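Reading through the structure tokens given below for one structure.
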Amino acid sequence: MSLSGESQTLKDAGNTEFKKGNYKKALELYSKACKLAPNSAVLWANSAACSLNLKRYADAEAQARKAIAADPSFAKGYG
């Protein structure tokens, strides 16, 4: 699923923050994007990666499950 508009902008901003190690800010941005595109496996997987880095393991698992539900073939959802 490709993103467009505000969800893509939020994802890009989240990616920038993630690369800087600002996982909390990145998670906030990905969470906003997930509300706009709830069927995006990429957004849920990115959120899960942030939660892992923040040691929020239960959240990471829930987000990874949402990534898998959105797209069972998206390998990063299992990662």
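The values are calculated or read from the model by the stated rules, or taken from the named source; none is laboratory data. Everything numeric in this text was worked out from a predicted model, so none of it was measured. So basically every Cβ, Gly included, is an ideal-geometry build from the backbone, and we count neighbours across all protein chains shown. These area figures cover heavy atoms from the full protein model, side chains too; ligands, DNA and RNA do not enter into them. Shrake-Rupley method; radii C 1.70, N 1.55, O 1.52, S 1.80 Å.
Using a probe radius of 1.4 angstrom, the carbon and sulfur fraction of the accessible surface of the chain is 53%. All other residues whose Cβ lies under 15 angstrom from that of residue 78 are scored, Lys and Arg at +1 and Asp and Glu at -1, for a net of +1.
The lysines whose alpha-carbon is closer than 18 Å to the alpha-carbon of residue 35, local same-chain residues fewer than 8 away aside, are 11, 24, 25, 66. Between the residues 38, 27, 3, the greatest Cα displacement towards the positive end of the dipole of the chain, with unit charges on the Cβ of Lys, Arg, Asp and Glu, is found for 27. Placing dummy labels 7 Å off each Cα toward the beta-carbon, the span from residue 39 to residue 2 is 1.6 nm. In a reduced charge model with +1 at each Lys and Arg Cβ and -1 at each Asp and Glu Cβ, the chain shows a dipole moment near 220 debye about its Cα centre. Projection of the Cα convex hull of the stretch 9-75, averaged over all directions and equal to a quarter of that hull's surface, yields 3.9 nm². The residues of the chain present an accessible area of 61 Å² per residue when probed at 1.4 Å with all protein chains retained.
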